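Derivation of every value follows stated rules applied to the coordinates shown; laboratory data play no part. On a predicted model such as this, the values are computed, not experimentally measured, just so you know. Here the Cβ positions follow ideal geometry from the backbone for every residue, glycine too, while neighbour counts run over all protein chains shown.
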Amino acid sequence: MYTPVFNMVEVFKTNVQQAAHAEKLVSLLHRHFPGSKVNFDLEDCDRILRVEGGSFAAEKIQTLVAAYGFTCHVLE
């Protein structure tokens, strides 16, 4: 059985508040970064977006999220 290797993990602070918006963004990010794991933690005070994958650019994720009207910053 093949287990994908995720060698990049990035965590972002967002202003996404509604689960419906998070679901749309997860779908969008899966299209741009197939094979990546993408999820939100809207219960966290920082409205966390977590992306795990083989290769992606944090700037590209920020640009895609911003195109939908949301803020997204790498969490330090």
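Over the C-alpha atoms of segment 1-70, the Rg to Rh ratio, Rh being the Kirkwood estimate, stands at 0.96.
Under the convention that each Lys and Arg Cβ holds +1 and each Asp and Glu Cβ holds -1, the size of the dipole of the chain around its Cα centre is about 280 debye. The alpha-carbon of LYS13 sits under 16 angstrom from the alpha-carbons of these lysines, leaving out residues fewer than 8 places away in its chain: LYS60. Relative to the dominant Cα principal axis of the chain, helix 58-67 is inclined by about 40°.
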